[in-house]
Amino acid sequence: MRRDIVEASRKLAVSLDVVDRVCPSCDAWEPRVRCPTCGSLTVEHQSCPRCGLPGLGLCKNCNVETVSYKNKPVDLKQVLAAAVRRVGLAKSPEIIKGTKGLLNKTKTPEPLEKGMLRAGREVSVFKDGTIRFDATNAILTQFRPSEVGLSIEKAHLLGYEKDMEGKPLESPSQLCGLEVQDLVVPETCAQYLLKASKFLDDLLSSYYGLERFYNASKSEDLIGRLVVGLSPHTSVGVVGRIVGFTKASVCYAHPFWHAAKRRDCDGDEDSVSLLLDVLLNFSREFMPDRIGGLMDAPLLLSPLLNPAEIARQALNIENVSQLPIEFYEKTWQGAHPSEVESLVPTLNSNLGNGGEHWTIGFTHPTEDLDNGRLISSYKELPTMLDKVKEQLHLADQIVAVKGEEVAVKVLSTHILRDLVGNLRTFTSQRVRCTKCGSKPRRVPLGGTCHRCGGKLAATVFRGGVEKYLDVATEMVQRYNIREYYRQRLELIKVELAETFKALPVDREQQKLFVADFA
Ligand SMILES: [Zn+2]
Ligand SMILES: [Zn+2]
Ligand SMILES: [Zn+2]
């Protein structure tokens, strides 16, 4: 249940579906690509999952697709001991988290040594073999070396020789324009990546027999190191460079860098990994063999960012440091944005004339990055109800925002869908055995667990289905919501009332009539 490999190794017999590879020199089964005994490359074998007949494509006997794996008895205790020996540890870590089974097509496992070394450094792994830190995107265009913990010497080493006005960078309090692939990461992220760098050094020296690469003992040692940024539901990682740290829980980067990850910089949560980790431990082979299995993985890397190739909307940033008086006058007239476009030059105009110079101006200076809010109230507010309430409260205060429109948007894209979706899940839910934890595909007619006879319990509950009903009702009452949404909510309420109607206590079980074909 805990997916702990050390605990599993204490059992006598473990059998696993695992890739069928054989070392041609030693003639022995070996799930690794390279035989640890003689160093030869191993060869993958395919066979029929039903009758075991070797072959490629369809099995002649059973007409089913052959597979690259076999169910093998595995002596985990011995595998674990061998891995401990190979990386030169005194003993195995107390817990090594694994998975219930391998989800990739060939059922190829990662070398156990990697999991062991990760457990030793208290970092965990993503399904593609890499270590990630998730952080909310935020935009940064200028910074002072002093506010991100960057010394003047290091700033020079990283290429920051002039400030944004073109004067030589001599004091850490001068303002510099952030380079497009440079990042200021949260301190918590740096601490996690520091642990990851120690794991990677362990891996290089004890598993691959190579020199340590990072040799980092504190977060500052990671300044100048390359990372890979990746957005959910995409497959292209963008290379970036750490130049400093922030107390805020956001990953500050140039708007172009977020745009290169296919994000429009509106506060999505993307991940950051050390580049060496991606190069060393990522494998397409580990990715789950199912729809969407290849998503969220750096299948491609984009090492250099070309501003001409990113989404055009990322260039809609004004590059001036003051706005003309006509602009303010137009705002009073409520002019359409297209009318004032020519008054406010944006980065779009840079693109035409060579586009090497990407200076972005600003109208209001700040003192220190960390003087602002450090954590989004969206993260701090505990429940969805609180978040929605605060969002509506804010909408009521801002003149330019209509409360009704926000309410309709939240209702139609989130709350109503959620209510309907949860109701459907409730009526088609699976049950779980309270004793052995098994989840039968259908509810057993006997009413008890078919494996152990234990009691069956629901997995979706009324409270979970109805959790947004009060917010929805309140929103409809408070705002002048369109009739369509008002009625949709009424219909959902009727459906909920029908589903959760109190049942009569003395109700008798109806008999099922089975046709007698005999
Ligand atoms: Zn061999
Ligand atoms: Zn067969
Ligand atoms: Zn059971």
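Side notes on the structure shown:
- Additional length obtainable on full extension of the chain from GLN397 to ASP134, 0.36 nm per residue less Cα span: 91.5 nm
- Calculated log₁₀ intensity ratio I(q)/I(0) where the Debye formula runs over C-alpha points of the chain, q = 0.08, 0.13 Å⁻¹: -0.78, -1.37
- Inter-site label distance for MET1 and THR346 at 7 Å from Cα along Cβ, in nm: 5.6
- Charge dipole (the chain, unit charges on Cβ, about Cα centre) - positive-most of GLN477, ILE139, SER171: GLN477
- Rh by Kirkwood over Cα pairs, then Stokes-Einstein D for the stretch 379-511 at 1.306 mPa s and 10 °C, µm²/s: 90
- Rounded to the nearest 20, the Cβ-based charge dipole of the stretch 379-511 about its Cα centre (Lys and Arg +1, Asp and Glu -1) stands at 1020 debye.
- Extension gain for the segment SER15 to ARG312, taken as residue separation times 0.36 nm less the Cα-Cα distance, is 101.6 nm to one decimal.
- Modelled FRET efficiency - R0 51 Å, GLU474 with VAL22, Cβ distances, 0.05 increments: 0.20
- Loop-resident sites, the stretch 248-301, for trypsin sites (Lys or Arg not before Pro), counting at most 12 other Cβ within 10 Å (DSSP): ARG290
- One Cα centroid belongs to the stretch 366-394, the other to the stretch 403-453; the line between them spans 30 Å.
- Start at zero, step by 10 Å, and the Cα-Cα distances of the stretch 45-176 spread as 10, 22, 17, 17, 16, 10, 7, 2 percent across the bins.
- Eigenvalues of the alpha-carbon gyration tensor of the stretch 316-367, scaled by 5 and square-rooted, set the equivalent ellipsoid semi-axes at 22, 16, 7 angstrom, largest first.
- Dipole orientation for the stretch 5-110: of the candidates GLY52, ALA83, GLY39, ALA83 has the Cα lying most toward the positive pole (charges on Cβ; Lys, Arg +1; Asp, Glu -1).
- Between GLU211 and ARG34, the simple spin-label model (points 7 angstrom out along Cα→Cβ) gives 1.9 nm.
- Alpha carbon centroid spacing (whole Å) that separates the stretch 7-59 from the stretch 126-155: 43
- Dipole magnitude of the chain about its Cα centre (Cβ charges: Lys, Arg +1; Asp, Glu -1), debye to nearest 20: 3400
- In the stretch 96-155, the C-alpha radius of gyration followed by the widest Cα-Cα span (Dmax) gives 18.7, 51 angstrom.
- Near CYS176, once Lys and Arg are set to +1 and Asp and Glu to -1 for all other residues with Cβ below 13 Å from its Cβ, the sum equals -3.
- Most simply put, the chain has about 75% antiparallel DSSP beta bridges, counting only bridges with both residues inside it.
- Projecting the Cα atoms of GLY244, ALA155, THR66 onto the charge dipole of the chain (Cβ charges, centred on the Cα centre) puts THR66 farthest toward the positive pole.
- Residue exposure proxy: LYS379, LYS435, ordered by other Cβ atoms within 10 angstrom of their Cβ from fewest to most, comes out as LYS379, LYS435.
- Trypsin sites (Lys or Arg not before Pro) within the stretch 1-69: DSSP coil, no more than 11 neighbouring Cβ in 10 Å: ARG2, ARG10, LYS11, LYS60
- Net lengthening on full extension, PHE500/THR383 (0.36 nm per residue, minus Cα-Cα): 39.7 nm
- Remark: relative contact order (the chain) = 10 percent; criterion is Cα-Cα distance under 8 angstrom and separation of 6 or more residues.
- Efficiency of FRET from Cβ geometry, ARG373 and THR425, R₀ 35 Å, rounded to 0.05: 0.45
- Members of LYS154/LYS261; LYS77/LYS127; LYS72/LYS97; LYS97/LYS409; LYS330/LYS402; LYS100/LYS493 lying beyond 31 Å, as alpha-carbon distances in this model show: LYS97/LYS409; LYS100/LYS493
- Kirkwood hydrodynamic radius of the stretch 5-110, from inverse mean 1/r over distinct Cα pairs, in Å: 15.2
- When you filter the trypsin sites (Lys or Arg not before Pro) in the stretch 159-222 for DSSP loop state and at most 15 other Cβ atoms inside 10 Å of their Cβ, you are left with ARG212, LYS218.
Each value in this text was obtained by applying a stated rule to the coordinates, not by laboratory testing. All values derive from a computational prediction rather than experimental measurement. Every residue, glycine among them, receives a Cβ derived from its backbone with ideal geometry; neighbour counts consider all protein chains shown.
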